[in-house]
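Asks: One structure, as structure tokens, below. Some questions next.
The values are calculated or read from the model by the stated rules, or taken from the named source; none is laboratory data. Bear in mind that the values here come from a model prediction, so they are computed numbers and not experimental data. Every residue, glycine among them, receives a Cβ derived from its backbone with ideal geometry; neighbour counts consider all protein chains shown.
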Amino acid sequence: MTIFRQCLAALFCCLATLASAQSFEELVAQLPEGKFAERAAVVAQLGALGDPRAVPVLEVLLEGNLHVLKSNEAIVAVREVGSDDVAYDALTGEEFGIIPRRGSSKIRVNNGLRRDIRAAIGTLTLRAPDPALRLAAADAAFRAPNPDQLELLQSVRSDESDSEVAEALDYAIAATVLESDLPDEAQVAAIDTLREMGNQDALSVLTPLLQATNPVMAAAAKDAVAAIEANQRLWNMAQNVWFGLSLGSVLLLAAIGLAITFGVMGVINMAHGELVMLGAYTTFAVQEVIRASFPGLFDWSLLIAAPLAFLIAGGVGVAIERGCVRFLYGRPLETLLATWGISLILQQTVRSIFGPNNREVGNPSWMSGAFDIGQMTITYNRLWILLFSLAVFAILLFVMKKTSMGLRMRAVTQNRAMAANMGIRTGWVDALTFGLGAGIAGLAGVALSQIDNVSPNLGQSYIVDSFMVVVFGGAGNLWGTLAAAFSLGIANKFLEPWTGAVLAKILVLVFIILFIQKRPRGLFAVKGRAVEN
Amino acid sequence: MGLIDRRMGIFLTGLFILTVAVPAGNLWMEGQPVPSYIVSLLGKYLCYALLAVALDLVWGFTGILSLGHGAFFALGGYAMGMHLMREIGDRGVYANPELPDFMVFLNYQELPWFWYGFDQFWFACLMVLLVPGALAFVFGWFAFRSRVTGVYLSIITQAMTYALMLAFFRNEMGFGGNNGLTDFKDVLGFDLQSDSTRAGLFVLSAIALAGGLLLARAITTSKLGQVLVCIRDAEDRTRFLGYRVEGYKLFVWVVSAMMAGVAGALYTPQVGIINPGEFSPANSIEIVIWVALGGRGTLVGAAIGAIIVAAAKTLLTGWFPEIWLFALGALFIFVTIFMPKGVLGVIEGALAKRPKPQPDGKEAEV
């Protein structure tokens with residue numbers, strides 16, 4: 001029976017080294033005794049004692065794995081390994097060995113006790129050296145306020161140097177004060193503290209106080225709740241604006257290439273969505289190669305995929321223009337049909353090569369995760385996509401307005417014959433303009449692969465939306481496209497809480513249909529003779 | 001320039017022969033040379049043909065390229081489907097005499113108000129015309145009055161059918177969500193599975209197609225039809241000449257939507273299901289290629305184009321499912337670039353080149 005001897009040895013060892021804190025061992029030894037109520041009292045004392053060694057023991061107790069050995073009443077952690085029960089030191093996790101079945105009895109816990117245990121652990125960790133642990137403990141004390149802990153919390157607070165933890169402790173103290181029977185002034189002060197906290201947690205503490213019998217308290221709580229709710233409405237709005245901007249950036253990416261082909265050239269490119277899809281599949285292919293051959297480069301995959309996607313989609317775009325669209329200039333409806341045919345072929349090609357199912361495109365590490373601003377959460381992938389879309393927009397604007405290539409593009413679209421007379425190779429410019437729009441669609445695909453399913457149908461789901469954006473913004477006006485994308489995105493997200501996602505989308509579509517009746521040339525119409533016919 | 005020119009005469013004769021031969025081959029001849037599924041399949045093609053004629057009326061003669069005609073077709077189909085659902089009565093899985101199965105499944109307590117009246121066949125038939133007609137009227141009223149034309153109109157018609165598709169996919173709409181309406185049993189007491197009912201529906205589809213063709217022909221050969229062609233070719237000039245362009249467009253647009261609704265109503269019982277997929281923008285664009293392939297502005301050509309593409313789809317998806325989208329895509333490109341007048345234009349062009357020109361040859365120019 002070496003195990004028991006070892007257990008005893010361990011226990012004595014503790015006793016010897018920490019003679020000053022005898023009561024910890026005594027308290028642990030008392031744990032198996034009595035009913036749940038008595039056990040709760042012991043747990044509370046353990047918590048009040050402030051001995052950090054109690055934390056691991058209490059955690060084991062919380063899991064229901066703390067046992068008392070029948071032979072020598074040593075208290076150990078017991079876990080099942082395979083079909084055997086193995087005893088561990090509850091304090092250090094050191095393994096003692098296999099114990100016989102029914103050689104120990106479990107120290108039982110119920111839900112009430114579990115709550116007490118968590119509170120005790122919370123108290124104990126309030127003084128932990130790691131600020132993150134202290135913060136978690138302060139939060140725990142806030143969630144399970146216990147008037148008996150008030151003095152402890154206050155003493156901890158006066159010693160606390162970390163401002164974040166101190167703030168959390170203030171809130172915990174306020175919540176505890178509200179549970180206690182302190183005089184009104186202290187309670188009202190606590191309500192004010194929680195009002196500054198201003199989030200959902202504060203609200204959940206304050207709302208029950210609205211029914212308080214004490215009129216002073218109820219009035220203070222009412223004020224505080226009203227203030228917090230107003231504050232939350234603001235944050236909610238900010239969150240909605242952010243979601244809207246995020247959706248808007250997706251719409252902008254999907255539509256911006258179309259703003260070139262449709263808006264500037266007047267060509268209805270129904271294959272636009274499929275060019276976006278090609279960009280997404282390029283990203284997939286790049287990631288496959290990286291996974292197979294250069295796993296270290298995974299974080300760079302998007303930066304490698306972006307220029308490739310631009311070239312591939314742009315190349316396909318030039319091929320479409322030279323092979324098909326150029327025969328149909330001046331016949332927009334026929335262009336629409338022919339490019340639709342191209343879109344079907346591209347879809348089926350991708351389906352034949354990559355299969356009909358969704359493909360997994362991973363997020364690089366710098367695109368995963370999220371951070372908080374006040375009460376709203378911002379995910380990195382959405383943030384990067386927003387920045388990316390704005391960058392693409394800025395570059396496109398620069399190319400169109402400030403380069404000689406952009407000058408030629410605009411000249412050809414405004415007056416083809418005159419431009420040709422001035423020595424511009426119009427056919428060549430047409431191909432490049434179309435290729436530019438297509439390449440940008442490819443870039444959009446790289447970004448969209450991060451947030452959407454990459455499947456052969458990817459493009460189809462964006463085609464109607466992107467046409468709506470371009471038409472709403474006014475064809476031929478890049479700024480209009482920008483404004484349209486973000487206003488539609490934000491409108492959509494503000495409607496969603498009331499109507500649900502699908503209905504919000506339908507309402508936005510109906511709105512655009514009605515809007516076009518009012519202003520057939522879009523939000524920012526190009527003025528002058530050139531627009532007619 | 002009579003109501004029935006040579007082109008129409010040949011087509012209607014062919015259609016008549018088909019209408020007699022197919023049911024005869026299915027019901028009365030020894031050994032059933034025409035299997036039952038072929039009857040329903042051909043009936044479906046005829047519905048498509050009627051739909052194509054409806055689109056040709058607005059696209060071919062008035063220059064309105066609708067990318068949302070599938071919406072009118074589907075609405076007609078839903079109106080008929082709702083009647084067929086009510087006809088099931090207590091023979092559904094949940095045996096509820098009042099509510100269709102999907103409503104019981106979705107915990108509806110009572111019939112939504114817009115389902116009232118659909119237990120009456122005449123009411124359903126009225127709705128087949130009125131619902132697409134009303135939608136077309138409202139849509140057209142706004143669009144034509146504010147002079148939304150060309151590509152912009154095409155795009156918002158596409159948005160219209162897309163919005164309807166999203167709406168009908170919602171279970172809360174009360175139209176069966178993405179499963180649509182199905183499991184029909186009978187219509188007016190005739191079992192939908194029986195050969196004679198199928199043959200009857202086939203004949204009805206043929207009659208509807210012939211009626212649609214004649215109506216469209218009557219409209220286009222009338223003085224009103226001349227104005228429509230003027231609008232197609234030079235809308236502003238027509239307006240400056242004093243014609244109220246909006247009114248003409250609205251009229252032909254609503255008529256076309258109603259024809260599409262009838263096509264949908266005949267389609268639903270023959271196919272046995274109507275679901276929101278019929279609203280998808282892709283379906284509506286396919287209708288356009290039927291018309292373009294057959295020959296835009298020829299009416300008969302549109303019907304022929306619809307039948308050719310639908311038959312090719314059936315055959316190709318059966319033989320080489322992979323190839324179909326390639327073929328359809330190539331068809332779009334080929335027809336728009338190389339065959340602007342469609343199959344009918346090519347055939348009639350070849351005929352007109354023969355030494356003895358036919359007096360009707362000029363009509364290919366329409």
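Asks: Checking the condition part of a helix (DSSP H, G or I), at negative phi and within 14 Å of another protein chain (Cβ to nearest Cβ), which residue from B:167, B:134 passes?
Replies: B:167
Asks: Can you name every residue in region B:130-162 that is out of contact with any Phe, Trp or Tyr (no Cβ under 9 Å at 6 or more places or on another chain) and either of a type outside the set (A, V, I, L, M) or crowded, with 19+ Cβ neighbours inside 10 Å (or both)? Lay out the reasoning, then the answer.
Replies: Taking region B:130-162 first, the residues out of contact with any Phe, Trp or Tyr (no Cβ under 9 Å at 6 or more places or on another chain) are B:130, B:134, B:138, B:141-142, B:145-147, B:149-150, B:152, B:154.
Listed by number, the residues that qualify are B:141, B:142, B:145, B:146, B:147, B:149, B:150, B:152, B:154.
Asks: Kindly list, by first and then second residue, each pair from a residue in region B:121-139 that is closer than 28 Å to residue A:515 by Cα to a residue that is surrounded by fewer than 16 Cβ atoms within 10 Å (Cβ to Cβ), limited to pairs with Cβ atoms under 9 Å and residues at least 6 apart or on different chains.
Replies: Here the result reads none, with nothing in region B:121-139 linked to a residue that is surrounded by fewer than 16 Cβ atoms within 10 Å (Cβ to Cβ).
Asks: Further, regarding this structure: Among the candidates A:266, A:248, which residue alone is within 14 Å of chain B (Cβ to nearest Cβ) and either in contact with a strand residue (DSSP E or B) (Cβ under 6 Å, 6 or more places away or on another chain) or of a type in the set (Gly, Ala, Ser) (or both)?
Replies: On the way: A:248 fails: within 14 Å of chain B (Cβ to nearest Cβ).
Exactly one of A:266, A:248 is within 14 Å of chain B (Cβ to nearest Cβ) and either in contact with a strand residue (DSSP E or B) (Cβ under 6 Å, 6 or more places away or on another chain) or of a type in the set (Gly, Ala, Ser) (or both), namely A:266.
Asks: Return the only residue of B:302, B:306 being over 30 Å from residue B:176 (Cα atoms), within 16 Å of the chain's Cα centre (by Cα) and not acidic (Asp, Glu).
Replies: Exactly one of B:302, B:306 is over 30 Å from residue B:176 (Cα atoms), within 16 Å of the chain's Cα centre (by Cα) and not acidic (Asp, Glu), namely B:302.
Asks: Does any residue of region A:365-379 turn out to be in a helix (DSSP H, G or I), of a type outside the set (Ser, Thr, Tyr), touching a residue at least 24 places away in the same chain (Cβ under 8 Å) and touching a Lys or Arg at 6+ places or on another chain (Cβ under 9 Å)?
Replies: no
Asks: Within region A:315-341, can you find the residues that are touching a Phe, Trp or Tyr at 6+ places or on another chain (Cβ under 9 Å) and more than 14 Å from every other protein chain (Cβ to nearest Cβ)?
Replies: Listed by number, the residues that qualify are A:317, A:318.
Asks: Let me ask another. Looking only at region A:404-430, count every residue that is β-branched (Val, Ile, Thr) and either out of contact with any helix residue (DSSP H, G or I) (no Cβ under 9 Å at 6 or more places or on another chain) or in contact (Cβ under 8 Å) with a residue 60 or more places away in the chain (or both) and tell me the total. Step through it out loud before you land on a result.
Replies: Within region A:404-430, the first condition is being β-branched (Val, Ile, Thr), and the residues that meet it are A:412-413, A:424, A:426, A:429.
Among the residues that remain, those that are also either out of contact with any helix residue (DSSP H, G or I) (no Cβ under 9 Å at 6 or more places or on another chain) or in contact (Cβ under 8 Å) with a residue 60 or more places away in the chain (or both) are: A:413.
Residues flagged as β-branched (Val, Ile, Thr) and either out of contact with any helix residue (DSSP H, G or I) (no Cβ under 9 Å at 6 or more places or on another chain) or in contact (Cβ under 8 Å) with a residue 60 or more places away in the chain (or both) within region A:404-430 amount to 1.
Asks: Output the residue which, of all residues in region A:471-504 that are touching a helix residue (DSSP H, G or I) at 6+ places or on another chain (Cβ under 6 Å) and at the interface with another protein chain (Cβ under 9 Å from one of its Cβ atoms), is surrounded by the most Cβ atoms within 10 Å (Cβ to Cβ).
Replies: Taking the candidates together, the pick is A:471.
Asks: What residue, of A:235, A:300, is surrounded by fewer than 22 Cβ atoms within 10 Å (Cβ to Cβ), in contact (Cβ under 8 Å) with a residue 24 or more places away in the chain and outside the structural domain of residue A:345 (by TED's automatic domain parsing)?
Replies: Residue meeting the stated conditions: A:235.
Matching residues to (1) in the same structural domain as residue A:104 (by TED's automatic domain parsing); (2) at pLDDT below 75; (3) in a helix (DSSP H, G or I):
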site: A:10; (1), (2), (3): yes, yes, yes
site: A:14; (1), (2), (3): yes, yes, yes
site: A:23; (1), (2), (3): yes, yes, yes
site: A:27; (1), (2), (3): yes, no, yes
site: A:46; (1), (2), (3): yes, no, yes
site: A:56; (1), (2), (3): yes, no, yes
site: A:68; (1), (2), (3): yes, no, no
site: A:76; (1), (2), (3): yes, no, no
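Quick grid of which residues meet (1) away from chain A (no Cβ under 14 Å); (2) assigned to a loop (DSSP other than H, G, I, E, B); (3) under 27 Å from residue B:44 (Cβ atoms); (4) of a type in the set (A, V, I, L, M, F, W, C):
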site	(1), (2), (3), (4)
B:144	no, no, no, yes
B:152	no, no, no, no
B:155	no, no, no, yes
B:197	yes, no, yes, no
B:202	yes, no, yes, yes
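Asks: Moving to a separate point now. How many of the residues in region A:458-470 are small (Gly, Ala, Ser) and crowded, with 24+ Cβ neighbours inside 10 Å?
Replies: Going through region A:458-470 one residue at a time, the tally reaches 2.
Asks: Against the condition more than 9 Å from every other protein chain (Cβ to nearest Cβ), among the aliphatic types (A, V, I, L, M) and crowded, with 18+ Cβ neighbours inside 10 Å, how does residue B:346 come out, does it pass?
Replies: Details: more than 9 Å from every other protein chain (Cβ to nearest Cβ): yes; among the aliphatic types (A, V, I, L, M): yes; crowded, with 18+ Cβ neighbours inside 10 Å: no.
Taking the combined requirement at face value, the residue does not satisfy it.
Asks: Given the condition part of a loop (DSSP other than H, G, I, E, B), more than 29 Å from the chain's Cα centre (by Cα) and more than 11 Å from every other protein chain (Cβ to nearest Cβ), answer yes or no: does some residue in region A:342-355 qualify? Talk me through it step by step, then tell me what you get.
Replies: Looking only at region A:342-355, we keep the residues that are part of a loop (DSSP other than H, G, I, E, B), and these are A:355.
Those still in the list that are more than 29 Å from the chain's Cα centre (by Cα) too: A:355.
Then drop every residue that is not more than 11 Å from every other protein chain (Cβ to nearest Cβ), which leaves A:355.
Yes, region A:342-355 contains at least one residue that is part of a loop (DSSP other than H, G, I, E, B), more than 29 Å from the chain's Cα centre (by Cα) and more than 11 Å from every other protein chain (Cβ to nearest Cβ).
Asks: Return yes or no: is residue A:276 more than 16 Å from residue A:440 (Cβ to Cβ) and β-branched (Val, Ile, Thr)?
Replies: When the stated conditions are applied, residue A:276 does not pass them.
Asks: Still on this structure, please answer the following. Is it fair to say residue A:365 is within 17 Å of residue A:275 (Cβ to Cβ) and in contact with a helix residue (DSSP H, G or I) (Cβ under 8 Å, 6 or more places away or on another chain)?
Replies: no
Asks: Let me ask something else about it. For region A:428-465, what are the residues that are aromatic (Phe, Trp, Tyr) and touching a His at 6+ places or on another chain (Cβ under 9 Å)?
Replies: Keep residues of region A:428-465 that are aromatic (Phe, Trp, Tyr), which gives A:428, A:434, A:462.
Of everything in region A:428-465, just one residue is aromatic (Phe, Trp, Tyr) and touching a His at 6+ places or on another chain (Cβ under 9 Å), namely A:462.
Asks: Additional query: Restricting the first residue to region A:455-470 and requiring it to be at pLDDT 85 or above, which pairs with a second residue that is among the aromatic types (Phe, Trp, Tyr) meet a Cβ separation below 6 Å and a spacing of at least six or different chains?
Replies: Between residues of region A:455-470 that are at pLDDT 85 or above and residues that are among the aromatic types (Phe, Trp, Tyr), the close pairs are A:470/A:262.
Asks: Out of all the residues in region B:58-68, is one or more part of a helix (DSSP H, G or I), surrounded by 24 or more Cβ atoms within 10 Å (Cβ to Cβ), within 10 Å of the chain's Cα centre (by Cα) and not basic (Lys, Arg)?
Replies: no
Asks: Among the candidates A:86, A:76, A:60, A:81, single out the residue that is among the aliphatic types (A, V, I, L, M) and within 15 Å of residue A:25 (Cα to Cα).
Replies: A:76
Asks: Shifting gears a bit: Answer yes or no: is there a residue in region A:314-329 that is of a type in the set (Gly, Ala, Ser), surrounded by fewer than 18 Cβ atoms within 10 Å (Cβ to Cβ) and touching a residue at least 40 places away in the same chain (Cβ under 8 Å). Talk me through it step by step, then tell me what you get.
Replies: Filtering region A:314-329 down to residues of a type in the set (Gly, Ala, Ser) leaves A:314-315, A:317, A:319, A:323.
From what's left, surrounded by fewer than 18 Cβ atoms within 10 Å (Cβ to Cβ): A:315, A:319, A:323.
Right, trim to touching a residue at least 40 places away in the same chain (Cβ under 8 Å) and you get A:315.
Checked against the condition, which is being of a type in the set (Gly, Ala, Ser), surrounded by fewer than 18 Cβ atoms within 10 Å (Cβ to Cβ) and touching a residue at least 40 places away in the same chain (Cβ under 8 Å), region A:314-329 yields at least one hit.
Asks: Within region A:435-457, does at least one residue satisfy the condition of being surrounded by fewer than 24 Cβ atoms within 10 Å (Cβ to Cβ) and within 14 Å of chain B (Cβ to nearest Cβ)?
Replies: Yes; the residues of region A:435-457 include at least one that is surrounded by fewer than 24 Cβ atoms within 10 Å (Cβ to Cβ) and within 14 Å of chain B (Cβ to nearest Cβ).
Asks: A further question on this structure: Given (1) buried (at least 18 other Cβ atoms within 10 Å of the Cβ); (2) modelled with pLDDT of 90 or more; (3) under 25 Å from residue B:163 (Cβ atoms); (4) out of contact with any Asp or Glu (no Cβ under 7 Å at 6 or more places or on another chain), identify the lone condition not met by residue B:303.
Replies: Status for residue B:303: all satisfied but (3).
Asks: Could I ask something else about it? Got a number for residues in region B:170-189 being at positive phi and crowded, with 20+ Cβ neighbours inside 10 Å?
Replies: Looking only at that region, the number is 2.
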